[in-house]
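Read the figures in this text as sums done on the coordinates, not as results from a lab. If you're wondering where the values come from, they're calculated on a predicted model, not measured in any experiment. Cβ coordinates were reconstructed from backbone atoms using ideal geometry, including for glycine residues, and neighbour counts include every protein chain displayed.
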């Protein structure tokens with residue numbers, strides 16, 4: 001019996017490449033996606049976050065105006081995030097700016113925040129308000145323009161109160177002011193990477209109103225220049241959600257109509273990205 005020789009292997013074509021994506025290309029795609037994510041975060045932080053704050057301010061102003069008209073506005077400690085006062089500071093470009101209760105990074109996305117362990121503006125003692133300088137609408141972005149003698153007006157349920165700026169300092173050069181009734185405004189020291197905060201002290205002109213004698217304690221994330229480290233966990237959760245949706249979308253697009261998958265995928269990705277960026281922004285200093 002004659003042996004049958006096995007078929008000869010076809011010679012490899014010159015210039016042929018192995019199938020699949022090379023490691024170098026995978027790294028390149030990953031770096032591009034990372035760059036897109038970072039650029040998106042920058043766009044959110046310095047652009048879209050301002051729209052978010054502006055929308056919140058309009059709603060808060062309507063809420064507080066309604067409470068004032070019904071005489072049910074807050075007179076002391078209230079739920080964090082609730083509106084408590086309205087600020088007017090013409091020399092800083094501030095008009096009809098609603099102050100909310102609380103100074104965590106989350107609460108300061110809504111506008112300036114009242115430090116909960118201090119009295120409300122217009123009450124006996126030193127009232128302290130934080131505000132962001134760059135992000136989320138930069139409500140205190142013009143605070144550095146103030147000079148001694150400039151006026152600050154605060155409106156609460158107890159009335160309209162006028163303050164006069166008496167001193168400007170920072171956390172490295174503390175202000176010495178022994179007046180009984182003060183309003184202290186704090187924001188980041190610069191528009192870059194701030195290492196300390198700017199402080200504006202103003203004294204009340206007129207009679208102060210009585211407030212609550214028992215004020216709540218504050219947490220570390222409510223202090224000046226604090227970030228919320230706990231938001232890192234939520235940031236990781238949203239990051240994993242983004243990866244899962246992206247992988248699931250790629251698999252679905254390979255099996256069904258890509259356009260149908262994209263129509264479903266894009267809104268989901270945008271919602272996840274928004275929550276991812278919002279969580280990551282909470283890690284930054286609350287006055288930035």
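Observations on the model:
- Only one entry of 245, 251 meets the criterion of being exposed (fewer than 13 other Cβ atoms within 10 Å of the Cβ) and either under 29 Å from residue 143 (Cα atoms) or free of Cβ contacts under 8 Å to residues at least 60 places away in the same chain (or both), and that entry is 251.
- Checking each residue in the range 106-141 for being under 13 Å from the mean Cα position of the chain (by Cα), surrounded by fewer than 24 Cβ atoms within 10 Å (Cβ to Cβ), in contact (Cβ under 8 Å) with a residue 40 or more places away in the chain and not in a loop (DSSP other than H, G, I, E, B) picks out only 109.
- All positions within the range 142-159 that are in contact with a strand residue (DSSP E or B) (Cβ under 9 Å, 6 or more places away or on another chain), more than 13 Å from residue 86 (Cβ to Cβ) and outside any loop (DSSP other than H, G, I, E, B): 143, 144, 151
- Looking across 232, 198, one residue alone is under 15 Å from the mean Cα position of the chain (by Cα) and surrounded by 14 or more Cβ atoms within 10 Å (Cβ to Cβ). It is 232.
- Search result, residues across the range 43-75 that are out of contact with any helix residue (DSSP H, G or I) (no Cβ under 9 Å at 6 or more places or on another chain), surrounded by 15 or more Cβ atoms within 10 Å (Cβ to Cβ) and in a loop (DSSP other than H, G, I, E, B): 75
- Of all residues making up the range 160-178, the number that are farther than 15 Å from residue 87 by Cβ and either in a loop (DSSP other than H, G, I, E, B) or in contact with a strand residue (DSSP E or B) (Cβ under 6 Å, 6 or more places away or on another chain) (or both): 12
- Exactly one residue among 204, 265, 185 is surrounded by 15 or more Cβ atoms within 10 Å (Cβ to Cβ) and more than 27 Å from the chain's Cα centre (by Cα), and that residue is 204.
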